[in-house]
Each structure stands twice: as structure tokens, then as C-alpha cells.
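Worksheet for the structure shown next.
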Amino acid sequence: MARLTLDDLKKIKEKQKATFTLREGGYRAKITVHMGTCGIAAGAREIMTALMDEISEAGVEDVITTTSGCAGLCAREPMVTVEILNKPPVKYGDLTDKKIKEIFREHVLGGNPVEKYALVIGSETTY
Amino acid sequence: MEKYRANLLMCAGTGCVASGTPKVRDALKAELEKRGLAEEIKIVLTGCNGFCAEGPVMLVYPEEIFYQNLTVEEIPKLVEEHFLKGRPYEKLMFKDIEKKHAIPLMNDIPFFKHQVLRVLRNKGLIDPESIEEYIARDGYMAAAKALNEMTPADIIKIIKDAGLRGRGGAGFPTGLKWEFASKSEADQKYMLCNGDEGDPGAFMDRSVMEADPHSVIEGMIIGAKAIGASKGVIYVRAEYPLAVERLQKAIEICTESGILGDNILGSDFSFDLEIYLGAGAFVCGEETALMRSIEGQRGMPRPRPPFPAHKGLWDKPSVLNNVETLAQIAPTILNGAEWYRTLGTEKSAGTKVFALTGDIRNVGLVEVPMGIPLRTIIYDIGGGINKKKKKFKSVQMGGPSGGCIPESLLDIPVTYEDIIKTGAIMGSGGMVVMDEDTCMVSTAKFFLEFTADESCGKCTPCRVGTRVMLDMLTDITEGRGREGDIETLEDLSRDIIATSLCGLGQTAPNPVLSTIRYFRHEYEAHIKEHWCHAGICSNLCSFHINEELCKGCGACLRGCPQQAVVGEKKKPHRIIQELCIQCRTCYDACKFGSIEIRPAVRKKTTEPAAKDEGVKQ
Amino acid sequence: MADEIKILVVDDEPIVIRSCETVLKSEGYNIEGCLGGKEAILKMEQTAYDLVFTDLKMPEVDGITLIRWIKQKRPDTGIVIITGYPSQDTIKDALEIGIIDYVPKPFTPAVLLDVTKRAVEWIRERAPVEEKAKEEEFPPSMLNEIDRVISQYKNRPGSSIPVLQRCQQIVGYLPPQVQKRIAKGLNLTPAQIHSIVSFYSFFTMKPRGDHNIRICLGTACYVKRVEESLNKIKEYLKIDVGDVTEDKKFSLETVRCLGACGLAPVMVIDEETFGAVTPKKVTEIIGQYT
């Protein structure tokens, strides 16, 4: 490793931010992929993978993904819930690779819920 | 760039490793790979989490779900439930006292809830072997600030204003210590760290060195700048191999990255740091003794003055700080003295880490603001006594230099001043809780055995005096105690305290004095009635079965190594006193509390006490 | 203890021998006397004494000659001189050749006892280093390794403890021969090295078994009654603390707190830690190592 200066310290800190957003909290958006047995059968794993790719590509540090159990609407799986801090959560259903990418760009990054895929807006938060 | 959706922070402290972290980690890794999750979920090994009794423990981020008592067998189920299906796995969660429901979130668990983390700020949160993760948590920012923007006087002022006192035992103001050394003129000065955690029952320093080695190094760099030292030594117990390894790695990476060595972080300040392995001598916790030990001699204390701030290691001005003290330096420099003083009391500012052990439900490390009542630590955080039917008897603080605090004083605030009034000391923060099955005379004897053994031998009062006291205590616990022994013990204690050179001798009688002070009746019962109420001193008790409570379950009968218990099934049993060796097996085995402890039954064949009376004197 | 110590008193005045006998025999020392240096040499050629008390002015073979002879032929024997003429010069001569102490004549029993006691202590301290050295043999590779460690630390001040730690790792323990080698290598006296070895509990002069069992005697372990497990182990292995089993498989030690109080009571075998042990569990665990 090269000799560090104060600037380097700051850079390292910045680089580690994503990891510590995960551990310390303080994230802006949280995307929950519902992974019950039904969700997985319907392709929730693929949704998760696509989502992770998107986040990675976009290089955002303040978005976390998590999983939860069945959302109770098995017919509409795979589903995700997107929660932007201080905004009502939005549930999306019948997702595909393409849809989740769109949701990620529009809603998570852009801040505008993608109403055409949304099932409910403003259900319970999980913060 | 690698991106993970979850971080699993597994504790790899000494306790959890012994409980099986490595095997569980391997199983977890294999399982994640099998399920195709290895790319998304990262396993990080951290230092000691502090909740050692329930290890191996793991914390899952971002949900902050806390799992305990992990086993290899449970891993597949855990991975499937939590990481695949997203359903946190209740079976491995912390259960509340009544074992009724699981508590998933770490910060909801009472053990963690009352804690405020400063010293342990990074415990279980970072990979101790990764300097990047330390930096991500503001690591080395304080060092950069101190080296580039502050004068030694600035640094000392903050530490003094903060009111930080040495956490090793005596509580000497750290800022003052630094100031003395800073003002000493010399061509060479030394910044030393005492990682020779000797108090039995205290393990916070081990935990910090294992979980957050960089915080100690950063504290030392700042201290070195304050006093003008260009060399430093961390003195660590050889019994702490994991701590040594982590520190060694941390020093190596710091040296490579210019955080140790010449021109640290681009400043004009240079500091070299090395590790020195202690060789097992309790007295080396004393600063002058520790310095002699680094010089390669017998670790014997020498009189002060001259104080180490003027003549320390190799006769050069030196400062020795404890691990816990040093770990608090960086955040204090970054956040200022005012911030530091937001917790604690006027004279005992900040937080203190305690090692909570003994007969208590939640064993582990706890960091709390000073000034909170002792009762809160023991009951709210510690969860009280670990056995349902047993009562609290005493909490021992300060190790062999400390004392035993009784139930009646549990409401005192935990500060340096209040603890000392009880006859105990803050010490390094060991808190050993004892229930009613503890014999206080034996406990005092235990500590005296320790000090008599560890006395370096330099001062006669300590070397011989502790031995004489130990002999008297042995006599008392074996039934040879005599009238007047208590007074003699008190006299001897005063002499040893008054005439010993170092802290070891000056505090060695404390356990005896404090147990006499609060539990004099136990000493008297031992001496006059030949009765150890707790049933620990086997010469001074006898075990009897209360026929009204006995259900005749036979648990005692099966356990007795002497076949001294007789009785028919479902009918009250009886103990044949002639055969009983007072091993307590029946007492521990009985679920109905039907075994009673009474004074010793004098057996015809042995009359040691009476006989010895004549021989002695 | 005292009766293991053999003392030879050499003086041309029988009364001195007799008074030495009276005083020292009552303390249990083994005393013989003779009236001159010549006789003393004859006796010493036959028997090894731990201590020799000798007068300086004697006919024929005088004290200084005797002391020189002893130094050459019986270097392990400690020497104390008894003299009626404690002039600075004679004492200086004797000190230069190497005596432990001197007793001025006439002497009181207390003085004699005191000097004897100190002399015995002195030879005891030296004894293990000097005596056992001949008994043990170590493979050259081990000795080379030791020398390598020594040369690595040689010029660093205060290096004796790290060197001893490394050497104990290599050999497994620190027998007198190893201590002597280290002393020589570091330019210290064997006594200096031995004083460190005997002070720190980390160092051991006894070989350990194939598996070293350490029982924590810290407070937390004490409160959780580790004593019971310790007694069980002693009974099970039929050894005491500090000993090695007959088959050299296990050695048993106690330590003062391993800092794993959360797991109390704690037992460590080699490097592996076992928590929450009970008398039943310890025998099971140890059983797995046999």
C-alpha cells in the first residue's frame, strides 16, 4: 500500500461508504425483495440479481436491498417494496428483469414511483 | 465493484472462536456458495462482540438481526430461511428472560440496549484486519488532525478538559500524565501501552485489541505527538495470542501505509511502534515494573519519584497508558472535550467498559456511562443472577486489588469516588457477580492466594505478610480459626497497606478488609460455629435432607460418589454423615431445594481443630 | 531440606569445628570437620561437599591454596571463609578467587547460621544451572535454532525475555543447559537469565507433555467452581499441577485468567480453548486426546 495522506484517508472512507451504509444505517432507499417460497418459484432470485447489478452499475452508495418473506399476494409475485426515506413505500408486482430496471432508475434514482407497475402505495413501512 | 446486499458479521473473538466460530464460518460459507448467494452476501470476521456467553454470535446487516449459539447443524436452515426466503430465523435469536419470545434486533436486547459505545465503538462492526474499514469509521482522522493541525499543548488541553482518567485502575488523569512527560526534556521519550491485562475476571483490553487494534495504535500516535515520543511499545500478555496477532498485522499495515514510521500522514512527525510480549507476572501491571520488564529484567517496581514521566523506560521520560484509555483518545480529539463530558459525572467523565462475569445471566463486556447505578448494570444489562432460585450476594470489583460490594450498596453510582468508598476499586473493570452459594471467606482467600503468589518479593510486608494472612485464612476455612483472628487480619492488612512500595502490596489486603467489613458474620460463623453457610468449606459444613421437601427422586442418590445417600424411591432420602465428604454433589443435583447446609458434624475419628489448638502458639 | 546439605569445616582449632558442629547440626545440616588444608583435599577427593568453611591461616596447606584447589577441582562447591584476621587484603584475595562470604572470628551462632543460610541459598540458585547441564542432550538443529535467535537479538537492549520466549518455543521448556547457552550468547551471567526464568510464570524449566492442559484460575472461573474440574483432572491423569503424566502425554498447568471469562470455567489444551467445563466434560475432552 502506498503511503497515505489525509486526502487518501477521505477517499478510502468514501469508498467504504456503501458497506457502512449497510452496517450503520443512514441509507436513503431500501428495496425489499419478497422471497417466500412462491416468490422464489416466480423468479424473485433473478429480480434480486438484476437489482444488485443495477445498484452496482449506478454506483450508488445509499441504497440497500434486503429480503423478506411472502408478501401475501402470491399471485402477483415476484414482488418488491421500494421505500424512499420519508416517502410512503410502494409495492410492485408481476416483475420482470426489465421492469425492475425501470423501477430502479425511475423510482429509486429518480424519485418518481412507476405507477403502471405499482400495486399499492403507502402501505406499512418497515423502517 | 463488488456490492453486497448483506454483511454477516461473525464474532471471532477468543470466546466465540472457542465456542466454534471457525467451523460455523466454514459451514456458512459453503452453504452460501451452494445456494448461489456467495456473491451477494459477505461474511466478515470481527473482534469480540462482548456477548461471549452465547457464542458464537453473528450480526446480520442491514437488518441488524442478532443470532447466537450458532451451530454447524443449524446453518443450512438459517441460510434457507433468512437469506433465501427473507424470514429471520427465530430459533437462533436471543430469547428474553422468561424464554417466551425471541428478540431479533440487537439493539432491543437488554444487554446491548443500555450500552453506549465509545471504547467499543467498532466492536463487531468492522473487520479488525482491514485498515480500510477502520478508516471508514473515521479512523486515523484524529491522528491526521493532531499531527497536522495541533500542537502538543492543544492535544493535552483537550484530553485534560475532557477529564479522561486512566482506565487501568487508579484513575490518574491522562492529560496530566501527558503534560508531565511533555515538559520533560530528553533526547528520547517513549509512549507505552499496557496490554498486560492481569486482573483475573477482566477482559476488555483483550477485546479491544482483538476487535479494534487500530484504535489503540491511533491513540498511541496522538499520545506520542503530545509528549514528543518517537518510539512506542505495546506490552501484551503472551496468553492473548489472537490480540498479539491482530496488533502485529495492524502495525505492519500501518508501517506500509505511512501511518507509522517517518512523516506520518504527510506530517513532520515520526513514530515507531513495536510489540513486546509479557511473560506472565501480575506485578507488571505496575508501571515501573512493566518498564523493568521491557528492559529484560525481573519485573519489580521501584520507588517513585522519580516518576516515569521523568525517568521511565531506559531512564527516559515515558508515558504508560492502558488499552481502554488509548482507545478513547481518537474520538475525543475529533469531537472535543465537551462531547466527551456529555456522558459520565463531573469527576468521572465518559464511559467505562466492564467485564460482567460470574453467576450472572448475561456474561460479557458492557460499556456504560459512568455514574449509572451498579444495580442497572447487574440487573438490567446483566439480567440478574443466572439461577432462578438463587439470591445475589455480592459483586467483586477491581480484581485482587478490589473488594466485594454487598446487595445493600447496589444503588451507588459507578464512579471512581463512589466505588472506592465501598472498599472496592474501579480497577480495570472486572465485575464478578456472586450468588448466595459463595463463601466470602473462601473468596478472600482466593484473592490472597493470587497476590501472595504474584508478590514480586521485593517488600517484606507484602511478600511475607500476604503469606501469613493466607495461612490464617486457610486455617479459618479449614476449621482451625481462633478468636481474635479477624482482628489480627485487620491489623496485618493495615501494616501491609502502609508499608508496601507498589500498588500490588498496597491493595492486596482489600479483598480481606472488604469481606470482613460486609460479611464479618461469615468469618465469625466459620471461627466460632465451624459453619460455612454456603457449604463451600468442606470441613465446616454438613449436608442434610429436609424430609418434608424431599420428593425421593433419587437425583442426589445417583450423583453421590460415596454412596452416602440412602432411601427408597419416592420416599424421603437421608445422608449418612459418616460417609459424606461434603462434595456438594447432592446439593447441586437437588431440584427441590431439600438439601440443607448445617454446621459441621464432628466425626469421632478426626478432631483437627481441637488438637491443633495445643500445637499452635 | 537442610540435611541434604553437606558442609566441610576446615580449621586448625578443634574448638571452631566443634562450635560449628553444635550450631549447624541443630539446624539439620550435615557437618564434617578436619584440621588442615591437606586433610581437606584428601576428603574432598573422595566426597563432594556443597559448602566448605575454611580458615585462612593454617599450617602446611593454607586457606588460599585450598580455595584455589577447590575452584579448580570442585568448582560446584561453595566456599565461605572463617578468619580471625579479616584484613582487607586477605579478604580481597579470597573474593577475587571466588568465595561466597566470610565469617569473622569470634562469631555468634546467629552470624554463623545467617551466613550458612545465605550460602546455601546461593548454591541452590546456582545448582540447577550448573548441575543438570551435563544430563540433557539436544539435537544440533535445535541448538542451531537457539543460536540463530540469540544472534538475531544479540545487540538489542532488553532482549532476554523475547529470546527466552522464542527458545522455549523451540525446545518446549528452558532447561539449565539452554539457559546457560542463552546467557553466554547474550553476554549475561547464567544467574541473570535464571532470575528472569524463575520470575515469570510463562517460563518453565520442566518439559511439558505432548498435550499441555492449562486450567484457568481467574475469578470468573473460580466463582463457577473450576476447582472441581481441576481436581477431577488431577485424579484422572494421576498427576499434580506442574507435573507430566508418566507416558509424557499430558502436562497440567494452572494460569491466572485467560480473559475468556464469558466461557468460565475455561480449560485450554495446547491452543484450543474449551468453555463451560465440568468435571464430567473435562475427562471426556481429555479422553479425545489419548
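Summary of values
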{"quantity": "Number of the exception - C:N231 against (1) more than 7 Å from chain B (Cβ to nearest Cβ); (2) part of a helix (DSSP H, G or I); (3) touching a residue at least 12 places away in the same chain (Cβ under 8 Å); (4) more than 31 Å from the chain's Cα centre (by Cα)", "calculated": "(4)"}
{"quantity": "Filter result for the condition that a residue is in contact (Cβ under 8 Å) with a residue 24 or more places away in the chain and more than 8 Å from chain B (Cβ to nearest Cβ), over A:D7, A:D62", "calculated": "A:D62"}
{"quantity": "Of residues in the range B:69-81 being surrounded by fewer than 24 Cβ atoms within 10 Å (Cβ to Cβ) and in contact with a Pro (Cβ under 8 Å, 6 or more places away or on another chain), the one nearest to the other protein chains (Cβ to nearest Cβ)", "calculated": "B:E81"}
{"quantity": "Flag for B:E197 being in a helix (DSSP H, G or I), in contact (Cβ under 8 Å) with a residue 12 or more places away in the chain and not basic (K, R)", "calculated": "no"}
{"quantity": "Test result for B:E90, among the acidic types (D, E) and over 16 Å from A:S68 (Cβ atoms)", "calculated": "no"}
{"quantity": "Residues that are closer than 17 Å to B:G399 by Cβ and facing another protein chain (nearest Cβ under 7 Å), drawn from the range C:252-276", "calculated": "C:V255, C:R256, C:C257, C:L258, C:G259, C:A260, C:C261, C:G262, C:A264"}
{"quantity": "Yes/no for B:M191 being more than 14 Å from chain C (Cβ to nearest Cβ), assigned to a strand (DSSP E or B) and either in contact with a strand residue (DSSP E or B) (Cβ under 8 Å, 6 or more places away or on another chain) or not small (G, A, S) (or both)", "calculated": "yes"}
{"quantity": "From C:L164, C:L186, residue being under 21 Å from the mean Cα position of the chain (by Cα), buried (at least 18 other Cβ atoms within 10 Å of the Cβ), under 20 Å from C:N212 (Cβ atoms) and within 11 Å of another protein chain (Cβ to nearest Cβ)", "calculated": "C:L164"}
{"quantity": "Some residue of the range B:59-67 being free of Cβ contacts under 8 Å to residues at least 60 places away in the same chain, touching a Gly at 6+ places or on another chain (Cβ under 7 Å), buried (at least 23 other Cβ atoms within 10 Å of the Cβ) and not assigned by TED's automatic domain parsing to the domain that holds B:D212", "calculated": "no"}
{"quantity": "Filter pass, A:E46 being surrounded by fewer than 18 Cβ atoms within 10 Å (Cβ to Cβ) and closer than 18 Å to A:D97 by Cα", "calculated": "yes"}
{"quantity": "B:M440 closer than 27 Å to B:G593 by Cα, in contact with a Phe, Trp or Tyr (Cβ under 6 Å, 6 or more places away or on another chain) and surrounded by 18 or more Cβ atoms within 10 Å (Cβ to Cβ)", "calculated": "yes"}
{"quantity": "Of all residues making up the range B:176-196, the number that are crowded, with 23+ Cβ neighbours inside 10 Å and not aliphatic (A, V, I, L, M)", "calculated": "8"}
{"quantity": "Residue that is in contact with a helix residue (DSSP H, G or I) (Cβ under 7 Å, 6 or more places away or on another chain) and within 13 Å of another protein chain (Cβ to nearest Cβ), where the choices are B:G223, B:G201", "calculated": "B:G201"}
{"quantity": "Filter result for C:K206 (in a loop (DSSP other than H, G, I, E, B) and not polar (S, T, N, Q))", "calculated": "yes"}
{"quantity": "Candidate set from the range A:29-39 (those that are at the interface with chain B (Cβ under 10 Å from one of its Cβ atoms) and at pLDDT 75 or above); member that is farthest from A:P89 (Cα to Cα)", "calculated": "A:M35"}
{"quantity": "Residues of the range A:88-123 satisfying the condition of being within 16 Å of A:T49 (Cα to Cα) and polar (S, T, N, Q)", "calculated": "A:T96"}
{"quantity": "Subset tally (residues that are over 30 Å from B:T357 (Cα atoms) and within 14 Å of chain C (Cβ to nearest Cβ)) for the range B:1-59", "calculated": "0"}
{"quantity": "First in the range B:489-508 and polar (S, T, N, Q), second anywhere and assigned to a helix (DSSP H, G or I), Cβ under 7 Å, 6 or more apart", "calculated": "B:S493/B:V512; B:S493/B:L513; B:T499/B:P461; B:S500/B:P461; B:S500/B:C462; B:S500/B:Q506; B:Q506/B:I497; B:T507/B:S401"}
{"quantity": "Qualifying residues in the range C:167-182 (those that are in contact with a helix residue (DSSP H, G or I) (Cβ under 7 Å, 6 or more places away or on another chain) and within 12 Å of another protein chain (Cβ to nearest Cβ)) - the one surrounded by the fewest Cβ atoms within 10 Å (Cβ to Cβ)", "calculated": "C:L174"}
{"quantity": "Cβ pairs under 6 Å, 6+ apart, first in the range B:115-135 and more than 12 Å from every other protein chain (Cβ to nearest Cβ), second of a type in the set (K, R)", "calculated": "B:P128/B:R246; B:E129/B:K249"}
{"quantity": "Condition check for C:I161: on the phi < 0 side of the Ramachandran plot, outside the structural domain of C:K280 (by TED's automatic domain parsing), touching a Cys at 6+ places or on another chain (Cβ under 6 Å) and not in a loop (DSSP other than H, G, I, E, B)", "calculated": "no"}
{"quantity": "Test: residue in the range B:267-288 that is modelled with pLDDT under 95, crowded, with 22+ Cβ neighbours inside 10 Å, within 13 Å of chain A (Cβ to nearest Cβ) and farther than 26 Å from B:R167 by Cα", "calculated": "no"}
{"quantity": "Residue among B:G423, B:G383 that alone is surrounded by 21 or more Cβ atoms within 10 Å (Cβ to Cβ) and not in a helix (DSSP H, G or I)", "calculated": "B:G423"}
{"quantity": "Boolean, B:G312 is without any contact (Cβ under 8 Å) to a residue 12 or more places away in the chain, crowded, with 17+ Cβ neighbours inside 10 Å and in contact with a helix residue (DSSP H, G or I) (Cβ under 7 Å, 6 or more places away or on another chain)", "calculated": "no"}
{"quantity": "B:S318, sole failed condition from (1) surrounded by fewer than 23 Cβ atoms within 10 Å (Cβ to Cβ); (2) over 24 Å from B:K145 (Cβ atoms); (3) assigned by TED's automatic domain parsing to the domain that holds B:E179; (4) not basic (K, R)", "calculated": "(1)"}
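For (1) within 23 Å of the chain's Cα centre (by Cα); (2) part of a loop (DSSP other than H, G, I, E, B), each residue gets a yes or a no:
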{"site": "C:V52", "(1), (2)": "yes, no"}
{"site": "C:E60", "(1), (2)": "no, yes"}
{"site": "C:T65", "(1), (2)": "no, no"}
{"site": "C:Q72", "(1), (2)": "yes, no"}
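Results for (1) assigned to a loop (DSSP other than H, G, I, E, B); (2) of a type in the set (D, E, K, R); (3) under 29 Å from the mean Cα position of the chain (by Cα); (4) closer than 27 Å to A:L4 by Cβ, shown as yes or no for each residue.
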{"site": "B:N107", "(1), (2), (3), (4)": "no, no, yes, no"}
{"site": "B:E133", "(1), (2), (3), (4)": "no, yes, yes, yes"}
{"site": "B:D138", "(1), (2), (3), (4)": "yes, yes, yes, yes"}
{"site": "B:A144", "(1), (2), (3), (4)": "no, no, no, yes"}
{"site": "B:D161", "(1), (2), (3), (4)": "no, yes, yes, no"}
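The values are calculated or read from the model by the stated rules, or taken from the named source; none is laboratory data. Remember, predicted model here, so these are calculated numbers, not experimental data. FYI the Cβ positions are ideal-geometry reconstructions off the backbone, even for glycines, and counts take in every protein chain you see.
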